[in-house]
Amino acid sequence: MAYVKTIWKNRIVERPRTYQFQQNADGTVTTTPQEGAITETGTPVNAVNMNHIEDGIVAVNTENSIYVAGGSANAITVTTPNGDYTYTQFKRLSIKAAADNTGNVTINVDNQGAVPVLKYDSSQLPAGAIKTGKVYDFYYDTTNNCFFLIAKASGDATAADVLAGKKCSTDFGDIVGTMDLKAENIKEGITYAGIIGILIPAILLAGDDIILYQNANQVSSISSIPQAVGAKITTNITGTVRITFTIFSEQSVASGYGQIYKNGSPIGTLKNSANLLTYTQDFSCNKGDIFQLYLYCTAAGWHAYSNLFKVSILKDTGMISIS
């Protein structure tokens, strides 16, 4: 409970410091105040008011003192000099930890009873949140009957997320970074933490030098609307690719039609022929793009065929996957 100060008032009378003297038989004198009209009685200087001041001083000292934790790593005990700490709303407590906690933590002050220690979000402290020799501040909460750890840092970073040799404070305590940045892992032209990157990102460049995928098995579609045939090609990096395919039909009077689709939508030029012909076209791509050949024939009941589907580039990046 917060300290409630006393509003001290002066005594105001008509005749201050005025007394009547009466001579006693034993030679002593009795003085009787003769103050006249009393305007303000004032605040008495008595044991109640003086002890209230003393209690306030003790409370301030208690909340601003640092106590060495007793008990165990997870069941902490604290003894204050006067032994009269009370569990009241927002009352603070500071302790110097004697051990690293390994699990949920409780605090028992002056044998008032063990209550849990919680984080600001009402969750339990994780193992290692309290470190030996460090000072921690708490406040008591009557609603939850617990001590809340007063947050000084938060976050879920691990050592691997922080540059090697650098330190930071998190919800789990202080950590020392282990992330070892190297020039070959930083993009060329980028400087990070004083390290100049030399990594040249791989890209796909359309061309005929390297065949990334080729299927010479004949595929067909009897549909009169575009139908996907053969493998799906997924690009794992950006750039351009060259796709070559053949198209023909099983009769000269009806053409077979073929077109490249990207991510389920037509993107290439629609090609058609009744006789075997080969078409080539370059396409831009991003990571995760899916390319596939679609075929159909205009004559109902007749097939459109392809006996070649090839993906090639200028240099071998090896950055596609086949499904």
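For this structure, a couple of remarks:
- Scanning the range 207-242 for residues that are small (Gly, Ala, Ser), over 17 Å from residue 278 (Cα atoms) and not in a loop (DSSP other than H, G, I, E, B) turns up 221, 228, 231, 239.
- Cβ-Cβ distances below 9 Å connect the following pairs, each with a first residue in the range 273-295 that is charged (D, E, K, R), a second residue that is surrounded by 15 or more Cβ atoms within 10 Å (Cβ to Cβ) and assigned to a loop (DSSP other than H, G, I, E, B), and a separation of six or more residues or different chains: 287/236; 287/237; 287/238; 287/319; 289/238.
- Residue within the range 291-307 that is assigned to a loop (DSSP other than H, G, I, E, B) and within 37 Å of the chain's Cα centre (by Cα) present: no
Every residue, every condition in (1) closer than 30 Å to residue 56 by Cβ; (2) surrounded by 12 or more Cβ atoms within 10 Å (Cβ to Cβ), yes or no:
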| position | (1), (2) |
| --- | --- |
| 84 | yes, yes |
| 94 | yes, yes |
| 101 | no, yes |
| 111 | yes, no |
| 121 | no, no |
| 163 | no, yes |
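All of the numbers you see were taken from the coordinates with simple rules; none came from a lab. On a predicted model such as this, the values are computed, not experimentally measured, just so you know. FYI the Cβ positions are ideal-geometry reconstructions off the backbone, even for glycines, and counts take in every protein chain you see.
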